[in-house]
């Protein structure tokens, strides 16, 4: 069951920069990703950094990408460059299509959310295997079927079957909330499974209206699988290992 961990990366300004301290380095979020991936146990086969508009990135970011190792533990490391189009979900859609014949599942992770629990990939895989027709396991799905958190895992089959619907969504140039809210719909329409981990695991997320606190997408407070970078030290600190 080969898994490709897709990191939707970005080197520029972010909405949260207006409400919390902006990192001094454009590479900060990717630095934290690789720090946590290196410190935690997992069975990932590949880690893919999805980089939009690479030619326009700051030199420090280009250097960081160019100097990424080919391997992290047992996982290959690759870079997938693309146009700056369709935000994170455009990157997921294109990368899943590019690698569709090479992997059984894809983990979808934005660079500012990092894993904080050993075998985080296995947790999502276990949920996916319980589905009659494996499709999508998100961190949280609302009662109306909206996958309201960007971290999750999808089967390669479901992504391939949903490509036209997802690409149409990307091309509509919907704002982040629109794409995020509608991303899960094609899986449900095509009969693929749609579940989440929020009933058993805590799902903290950043919300500028509540800064400097994080919010929860579930009342469960432990254990946490992924955390916003800004608060990840509360759940796991690689430096203390």
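The values are calculated or read from the model by the stated rules, or taken from the named source; none is laboratory data. Keep in mind the model is a prediction, meaning the values are calculated, not measured. Cβ atoms come from the backbone with ideal geometry, glycine included; neighbour counts cover every protein chain shown.
Going through (1) crowded, with 17+ Cβ neighbours inside 10 Å; (2) farther than 28 Å from residue 165 by Cα one by one, residue 212 falls short only on (1). In the stretch 89-104, of all residues being in a helix (DSSP H, G or I) and either on the phi > 0 side of the Ramachandran plot or touching a helix residue (DSSP H, G or I) at 6+ places or on another chain (Cβ under 7 Å) (or both), the one that is surrounded by the most Cβ atoms within 10 Å (Cβ to Cβ) corresponds to 96. Within the stretch 56-88, the set of residues being more than 16 Å from residue 6 (Cβ to Cβ), outside any loop (DSSP other than H, G, I, E, B) and either within 17 Å of the chain's Cα centre (by Cα) or at pLDDT 95 or above (or both) comprises 59, 60, 61, 62, 63, 64, 66, 71. Being surrounded by fewer than 20 Cβ atoms within 10 Å (Cβ to Cβ), touching a helix residue (DSSP H, G or I) at 6+ places or on another chain (Cβ under 8 Å) and either closer than 19 Å to residue 113 by Cα or at pLDDT 90 or above (or both), is that true of even one residue in the stretch 215-227? The answer is no, given that none of the residues of the stretch 215-227 is surrounded by fewer than 20 Cβ atoms within 10 Å (Cβ to Cβ), touching a helix residue (DSSP H, G or I) at 6+ places or on another chain (Cβ under 8 Å) and either closer than 19 Å to residue 113 by Cα or at pLDDT 90 or above (or both).
Can you find even one residue in the stretch 113-124 that is over 18 Å from residue 223 (Cα atoms) and either touching a strand residue (DSSP E or B) at 6+ places or on another chain (Cβ under 7 Å) or at pLDDT 95 or above (or both)? No, the stretch 113-124 contains no residue that is over 18 Å from residue 223 (Cα atoms) and either touching a strand residue (DSSP E or B) at 6+ places or on another chain (Cβ under 7 Å) or at pLDDT 95 or above (or both). Count of the stretch 191-213 residues, restricted to those that are more than 17 Å from residue 138 (Cα to Cα), over 18 Å from the mean Cα position of the chain (by Cα) and outside any helix (DSSP H, G or I), is 3. Just the residues that are under 21 Å from residue 160 (Cα atoms) and in a loop (DSSP other than H, G, I, E, B), please, taken from the stretch 119-138. Within the stretch 119-138, 130, 131, 132, 133, 134, 135 meet the criteria. What are the residues in the stretch 214-224 that are in contact (Cβ under 8 Å) with a residue 12 or more places away in the chain and in a strand (DSSP E or B), if any? If the condition is that a residue be in contact (Cβ under 8 Å) with a residue 12 or more places away in the chain and in a strand (DSSP E or B), then 214, 216, 224 are the ones that fit.
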